[in-house]
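Shown next, in structure tokens, is the structure this report addresses.
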Amino acid sequence: MKHIKYTYIFAIIIYVTTLQLHSQKMKNYGDLEVHTDGQLGFFGPVVNDGQFFSNSGLVGLYGEKSYSISGRIKPKLFDLEIANPNNITLNIPVSVSSNTNFILGDLQTTKINHKNYLGFKASSFSNGASDFSKVNGFVKATVLDNFIFPVGDQEYIRPISLETEFSDIDYTACYIYGNSTNTYPLYNNQEVENISTNEYWILKGSKKVSITIDWNDRSKIERITDNINDIKIVGFETSTSSWKTLGGIGNTGDLNNGFLSSKLFTPNEYAAITFGVLASNEIEQPETSLNSYHYILSPNGDGVNDNFIIEELADYESNVLHIYDRNGLLVFEAQNYTDEFDGYTGKTISTLDRDAGLAQGIYYYIAAVNGGEFSLQGYLYIDR
């Protein structure tokens, strides 16, 4: 067992590039800080009962065995990296002010409540979230304009993308693979005829947002409709104890995979969110959505949507663009991106044929602008 007290750790991290703690259990009772380009790696349980923060540097959660982060005080980190195939449990919140790099393994929290979570401060973001590395539990984010929550379960990443006109508002999200009607019944519902009973999301926040969620073969959309244009995002409204439509805007894809956006709504008014179809006698109201960060690319040479163009990037001095597939594989990257992406990877990847182009389907992009001052991120659908 390793005990760190007072400020002795400062000198170690200032003069040593990387510090790896392999002890059976690391306990912090004093002040633990990562300086400049310091790197601090954990390979076993951490109990944080003192101040643990960093205004630069990297903290890595590594190892081969599952362990937990616990204690009385929330660690406040700058950059975080996860590489542990057997997962790490957060028994206290952990916040990140810069970047979270998902490599291998999940961060897990209870899904009973959102007391524990991985937190993202304003302008922070994540890289590499995939089926193999994500948050199997709650994520809390201070959202400026938009944010993709890297949530899922033990098998799949099932992100939820959020856009808002409000700044510096906290939102919390979680994904659950299960039947929401066990808790939130559908019977005698006049507005929604049928919903997906395979999966649902929990989203909390006090200001209006538009969300985008995607479906895959696990969603079993064909059980509720054979027409993707009928798919809506629906939510269980707590005040009426009934399912209500949250809209279906920009439906894109096919029955096996695709995505759509909602109209503006207040998350705190709904206990669960999933896919649904409306009752045949329901008259839809005109819908509005922010929906400004999701794109369709159809690289067929007809001059329409042949290239991926993010017009907002022209307003900033510099940017770095990354595009990932649904498994978190980086398929394209560029500095000071303009509009050169046309569906081809531009990278040497053993599993991909560069000459054939990327497969039809959903991709995620993140564009960090002005040296990481903030980011634009969203969905990209390649239609071939």
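The values are calculated or read from the model by the stated rules, or taken from the named source; none is laboratory data. Note that the structure is a prediction, hence the values are computed from the model and not measured. Every residue, glycine among them, receives a Cβ derived from its backbone with ideal geometry; neighbour counts consider all protein chains shown. Side chains are part of the model used for accessible areas, which takes the heavy atoms of the whole protein and leaves out ligands, DNA and RNA. Shrake-Rupley method; radii C 1.70, N 1.55, O 1.52, S 1.80 Å.
Scanning segment 341-363 for residues that are open to solvent by 20 Å² or more (accessible area, probe 1.4 Å) and modelled with pLDDT of 90 or more gives a single hit, 342.
Residue count for segment 115-167, restricted to those that are aliphatic (A, V, I, L, M) and without any contact (Cβ under 8 Å) to a residue 24 or more places away in the chain: 0.
When each of 100, 110, 89 is tested for being assigned to a strand (DSSP E or B), over 21 Å from residue 373 (Cα atoms), touching a residue at least 12 places away in the same chain (Cβ under 8 Å) and not hydrophobic (A, V, I, L, M, F, W, C), the lone residue that passes is 89.
Can you find even one residue in segment 179-191 that is of a type in the set (Val, Ile, Thr), open to solvent by 60 Å² or more (accessible area, probe 1.4 Å) and assigned to a loop (DSSP other than H, G, I, E, B)? Give the derivation first.
Going through segment 179-191, the residues of a type in the set (Val, Ile, Thr) turn out to be 181, 183.
Pick out the ones that are also open to solvent by 60 Å² or more (accessible area, probe 1.4 Å) and you get 183.
When the remaining residues are screened for being assigned to a loop (DSSP other than H, G, I, E, B), the result is 183.
Scanning segment 179-191, I find at least one residue that is of a type in the set (Val, Ile, Thr), open to solvent by 60 Å² or more (accessible area, probe 1.4 Å) and assigned to a loop (DSSP other than H, G, I, E, B), so the answer is yes.
Checked against (1) open to solvent by less than 30 Å² (accessible area, probe 1.4 Å); (2) in a loop (DSSP other than H, G, I, E, B); (3) not hydrophobic (A, V, I, L, M, F, W, C), residue 161 meets all criteria but (2). Residue 233 passes every criterion in (1) closer than 22 Å to residue 149 by Cα; (2) β-branched (Val, Ile, Thr); (3) part of a loop (DSSP other than H, G, I, E, B) apart from (3). Pull up segment 252-293, narrow it to residues that are acidic (Asp, Glu) and within 26 Å of residue 182 (Cβ to Cβ), then point me to the one that is modelled with the lowest pLDDT. Checked segment 252-293; the qualifying residue modelled with the lowest pLDDT is 282. Scanning segment 117-128 for residues that are open to solvent by 20 Å² or more (accessible area, probe 1.4 Å), part of a loop (DSSP other than H, G, I, E, B) and not aromatic (Phe, Trp, Tyr) yields 121, 122, 123.
Looking only at strands (runs of 3 or more DSSP E) that fall completely inside segment 1-81, which ones have 1 or more residues that are at pLDDT 70 or above? Those strands (runs of 3 or more DSSP E) span 26-28, 31-34, 39-42, 46-48, 51-54, 58-61, 67-71. Tell me yes or no: at least one residue of segment 42-57 is crowded, with 16+ Cβ neighbours inside 10 Å, among the aliphatic types (A, V, I, L, M) and farther than 19 Å from residue 173 by Cβ. Within segment 42-57, one or more residues are crowded, with 16+ Cβ neighbours inside 10 Å, among the aliphatic types (A, V, I, L, M) and farther than 19 Å from residue 173 by Cβ. Of the listed requirements (1) at pLDDT 95 or above; (2) under 21 Å from residue 368 (Cα atoms); (3) in contact with a Phe, Trp or Tyr (Cβ under 8 Å, 6 or more places away or on another chain), residue 117 misses just one: (2). For segment 75-85, the criterion of being open to solvent by 40 Å² or more (accessible area, probe 1.4 Å), over 30 Å from residue 370 (Cβ atoms) and of a type in the set (Lys, Arg) is met by no residue. Looking at 90, 77, 61, 40, which is the one that is closer than 21 Å to residue 328 by Cα and among the hydrophobic types (A, V, I, L, M, F, W, C)? One residue alone meets the criteria, 61.
Residue-level check: of (1) hydroxyl-bearing (Ser, Thr, Tyr); (2) in contact with a helix residue (DSSP H, G or I) (Cβ under 8 Å, 6 or more places away or on another chain); (3) closer than 24 Å to residue 109 by Cβ, residue 239 misses just (3).
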